[in-house]
Amino acid sequence: MKHFIFLLFVVLLSCSAATAAGINDGLKLFKADNSKIQYTGRIDFSNPVVPRIWAPGVYITAKFKGSRCQILINDENGGNNHNYIEIIIDGKDPYRVELTDKTNVINVPAGLADTEHTVIICKDTESNIGYIDFIGFRCEKLLPLPSKPSRKIEYIGDSITSGTGMDQSLIPCGKGQWFDQHNAYMSYGALTSRNLNAQWQLTALAGVGLVHSCCDMNVLMPQIYDKVFLRGDTITWDFKAYRPDVVTICLGQNDGPKQDSTVFCSAYVNFIKSIRQQYPQADIICLSSPMGDSTLTNVLKRYLKAITSSLHASGDKKIHRYFFSRQYHNGCGGHPDLDEHKLIADELTAYIKQLKGW
């Protein structure tokens, strides 16, 4: 009933705005369950008319006819604890939009030609910030999309992978809220997948660790990697919905260099074995931390060599490791910034190309 009320409210809001302006704009409502809309990522479809999204990097794709389009989205919180989304029209000039209210009617930029256009909406912020509910589009007509890319990659990680602290284009570091610089769409994982014409899924949460999470967080990655809501131990994810060809794991930054080596390595091996149960054929790549200093990097290199060697010896030859060439830390709180995420993606793209022959 709550979802229905939200939907009704947003539709009435958008219709009222048009009426108030004295305009019959000719736009039609296409609800979120329309078969011409494509979804990629961990989404709660328990109410198909109001799909709910927590995870960063989840994206929605549609093709519409005409010069105008409105996007209808609800935000769990609005106000101070707001989400951001990225909007991309025809694959050009991505731009971020702050969801300022609980219900939002977003107009794509004016000046579009009266032809066919593709729109992508990506959740830039992560589960810590709350969910968004996608309600649908208002446009002249929705058109069929081509099939998704056949290649699939999943990126498991922490704040680096979720795109924390990287985008200072609107608000500089130290200003606004801690999540005002999030940009999952331009993060290294999403960039790597676009470089390789692959789908992406970011299974990432700021502050999370393998055996130790920072910032008083009460969950570890092995507890949440099989969930839709990546901040709480709730809503189980159906792994059949997305079978990646490649999985990358970028953990250890929040665990730090002083973890007991046996505890850390054993937990890492067990985590990989859990992933392997879900993805029997995937190549799994263990990554060093791109923002790690020399102390942490040296520790992770030693641990990851031991972990991958142990798994190779047990018969799993599709376990790999990759160590980034340098430290990337020019963003907020020592995170990589926008330019550095591109460099990280370039490194990872080249490695996966070589590994997979893509």
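The values are calculated or read from the model by the stated rules, or taken from the named source; none is laboratory data. Being a predicted model, the structure only gives us computed values, none of them experimental. Neighbour counts run over all protein chains shown; Cβ positions are idealised from the backbone, glycine included. Please note that ligands, DNA and RNA were not included when accessible areas were found on the heavy atoms of the full protein model with its side chains. Shrake-Rupley method; radii C 1.70, N 1.55, O 1.52, S 1.80 Å.
Aromatic (Phe, Trp, Tyr), under 29 Å from residue 238 (Cβ atoms), assigned to a strand (DSSP E or B) and within 18 Å of the chain's Cα centre (by Cα), is that true of residue 155?
On the way: aromatic (Phe, Trp, Tyr): yes; under 29 Å from residue 238 (Cβ atoms): yes; assigned to a strand (DSSP E or B): yes; within 18 Å of the chain's Cα centre (by Cα): yes.
The answer is yes for residue 155.
Residue by residue, here is whether (1) part of a loop (DSSP other than H, G, I, E, B); (2) open to solvent by less than 40 Å² (accessible area, probe 1.4 Å) holds:
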| position | (1), (2) |
| --- | --- |
| 106 | no, yes |
| 110 | yes, no |
| 116 | no, no |
| 178 | yes, no |
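Looking at the range 308-319, can you tell me whether even one residue there is farther than 22 Å from residue 210 by Cβ and either open to solvent by 50 Å² or more (accessible area, probe 1.4 Å) or basic (Lys, Arg) (or both)?
Yes: the range 308-319 contains one or more residues that are farther than 22 Å from residue 210 by Cβ and either open to solvent by 50 Å² or more (accessible area, probe 1.4 Å) or basic (Lys, Arg) (or both).
Within the range 78-97, the set of residues being over 16 Å from residue 120 (Cβ atoms), within 19 Å of the chain's Cα centre (by Cα) and surrounded by fewer than 17 Cβ atoms within 10 Å (Cβ to Cβ) comprises just one member, 81.
Residues of the range 86-124 that are charged (D, E, K, R), under 17 Å from residue 58 (Cβ atoms) and in contact with a His (Cβ under 8 Å, 6 or more places away or on another chain): 124 alone.
Against the list (1) surrounded by fewer than 24 Cβ atoms within 10 Å (Cβ to Cβ); (2) assigned to a loop (DSSP other than H, G, I, E, B), the condition residue 142 fails is (2).
Here residue 326 meets each of (1) over 18 Å from residue 191 (Cα atoms); (2) crowded, with 16+ Cβ neighbours inside 10 Å with one exception, condition (2). The conditions of being in contact with a His (Cβ under 7 Å, 6 or more places away or on another chain) and β-branched (Val, Ile, Thr) are not met by residue 307. Just to be sure, is residue 190 assigned to a helix (DSSP H, G or I), within 17 Å of residue 341 (Cβ to Cβ) and at pLDDT 95 or above? So residue 190 fits the description; yes. Condition (residue is of a type in the set (A, V, I, L, M, F, W, C), within 21 Å of residue 170 (Cα to Cα) and either open to solvent by 10 Å² or more (accessible area, probe 1.4 Å) or in contact with a Cys (Cβ under 7 Å, 6 or more places away or on another chain) (or both)) applied to the range 121-134: is it met by at least one residue? No, every residue in the range 121-134 fails to be of a type in the set (A, V, I, L, M, F, W, C), within 21 Å of residue 170 (Cα to Cα) and either open to solvent by 10 Å² or more (accessible area, probe 1.4 Å) or in contact with a Cys (Cβ under 7 Å, 6 or more places away or on another chain) (or both).
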